[in-house]
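Everything on this sheet refers to the single structure shown next.
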Amino acid sequence: MMTVKRALCLSLFLLMTVVGSSAISAVILQYHHIGEDTPRVTTASVPEFTAHLDWLAENDFEVIALDELIARRKNNQLSTADTIASISFDDTSKTICTEAWPILYQRRLPFIIFVNTEIMEVANNTQCSWQELQQMEKTGLLTVGNHSHTHRHMTDRSGFNSYQQWLKVMREEVVIAENILREKLSSVKKIFAYPYGESNERLQYVIEQLGYVGIGQQSGAIGNTTDLTNFPRFPLSGRYADLEKLEDKLLSLAMPLRAQNVEASNNDEQGPILTLMLEDGFDKQVQCYLGTGEAIDTQQNKRQVIASYPHKIQAGRNRYNCTAASDLAGRFYWYSYQWIQQ
Ligand SMILES: [Zn+2]
């Protein structure tokens, strides 16, 4: 019970292992549809997708399966020499099978699809079929992750009588999907992508208790101290598919964090207070921005960085992006904190 209460507390302090040092770059690419006929905001065209993969090859990125990236993070094996990328798809758009798959297979690139299972239960020619997923699995290139059963907004507790009831239903979302996936497929990993990338500490606690690693869609690179319940990813669809805008992201470096802390502010006229504790010896100046790009007051005292937006935050999805220049030309440390403002 104490643990639940701790997870409930917004000021939970996440202590992380201190290993390695700065300038680690491992990134996860996030896609939904590949092609022309699907909503632009969640679609990368075939030429864009191909350009992204060409760029990774030209820049000597090692493309590895996401479970392998997670294993290296858990074992503190991400090193400063690495440039690593993992490819991920959310949902099971038919275009993954028809458009992306031939390209990935030709290049023998591993990838993961996060499957929400309810939609798979009805015949639907806009989705990959179980058979198609099974065929891709047989090559060893596809692994499958959990994306909940119904793809609901999981942080939304409205309509639930109690926290306990919400908790029970959220656990079922994960467990039902896992059972269906294990029945149908052979490459299922305990990796969970939050629908819409939306999570909070309560949900991250659920995911951790079920033995999963949690994947968000806040931007950022992954290092040996990245939170295993909320890995960042770079969405590369719509206006984010443009290669020019992409290079900064794919070359970003993991902010070398020892710990992070988020406190809700005491009043409605201020955003949450984000505290970052950086690794020993990190001497770069960090600046944080609201998701809109507006610079926010960022106080840094040696390794401690405190940032908070001093005005009312709009309801809905928000983020703080914190960056710092590195010693590597054109490459920046990047950390993003995303939350849903009620
Ligand atoms: Zn999704």
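Dividing the convex hull volume of the Cα atoms of the range 258-341 by its residue count, what figure in Å³ per residue is obtained?
On the way: hull volume 7.5 nm³, N = 84.
Measuring per residue, one finds 89 Å³ for the Cα hull of the range 258-341.
Close amide H pairs (under 5 Å, H built 1.01 Å from N) link GLY291 with ARG319, ASN321, residues at least 5 positions away or on another chain. A 1.4 Å probe over all protein chains sorts THR43, THR139 by accessible area into THR139, THR43, starting with the largest.
Solvent exposure of the chain, expressed per residue, is 45 Å² of accessible area, with all protein chains present and a 1.4 angstrom probe. Computed about the Cα centre, the dipole magnitude for the range 140-279 is approximately 540 debye when only Lys and Arg (+1) and Asp and Glu (-1) carry charge, each at its Cβ.
Our helix-only sum for the chain, with -39,500 (n - 2.57) per DSSP H run of n ≥ 4 divided by its residues, gives a mean residue ellipticity at 222 nm of -7500 deg cm²/dmol. Projected onto the charge dipole of the chain (+1 at Lys/Arg Cβ, -1 at Asp/Glu Cβ, origin at the Cα centre), which of GLN30, PHE234, ALA307 gives the Cα projection farthest towards the positive end? Projecting each Cα onto the dipole axis, the largest value belongs to ALA307. Averaging the sequence gap over all C-alpha pairs within less than 8 Å and six or more residues apart, then dividing by the number of residues, gives the range 224-342 a relative contact order of 24 percent.
The heavy atoms of PHE160 present about 40 square angstrom of accessible area, all protein chains included, probe 1.4 Å.
Taking loop as defined by DSSP and a crowding limit of 14 other beta carbons within 10 Å, which GluC sites (Glu not before Pro) in the range 185-276 fit? Present the calculation step by step, with values, prior to reporting the outcome.
Working: sites: GLU198, GLU201, GLU208, GLU244, GLU247, GLU263, GLU269; in loops: GLU198, GLU269.
The qualifying sites are GLU269.
Kirkwood Rh, Cα Rg: Rg to Rh for the chain?
Working: Rg = 19.6 Å, Rh = 20.6 Å.
Dividing the radius of gyration by the Kirkwood radius yields 0.95.
The range 167-226 and the range 65-99 have their alpha-carbon centroids 15 Å apart. The accessible-area ordering, largest first, of the residues GLU183, GLU118 stands as GLU183, GLU118, per a 1.4 angstrom probe. Residues whose amide H falls under 5 Å from that of LEU236, counting only those 5 or more places apart or on a different chain, are GLN30, with hydrogens built in the peptide plane.
Mean projected area of the convex hull spanned by the Cα atoms of the range 50-98, taken over all viewing directions: 4.3 nm². DSSP bridge analysis restricted to the chain gives an antiparallel fraction near 55%, rounded to the nearest 5. Annotation: amide H-H contacts under 5 Å for THR92 (H modelled 1.01 Å from N, sequence separation of 5 or more, or interchain): ASN116.
In a shell of Cβ-Cβ distance under 12 Å around ASN318, excluding ASN318 itself, what net charge do Lys and Arg (+1) and Asp and Glu (-1) give? Can you show the working numbers first?
Values: positive: LYS312, ARG317, ARG319; negative: GLU198, GLU294.
Residues near ASN318 contribute +1 overall.
The values are calculated or read from the model by the stated rules, or taken from the named source; none is laboratory data. Bear in mind that the values here come from a model prediction, so they are computed numbers and not experimental data. Every residue, glycine among them, receives a Cβ derived from its backbone with ideal geometry; neighbour counts consider all protein chains shown. Surface accessibility is based on the protein's heavy atoms, side chains included, excluding ligands, DNA and RNA. Shrake-Rupley method; radii C 1.70, N 1.55, O 1.52, S 1.80 Å.
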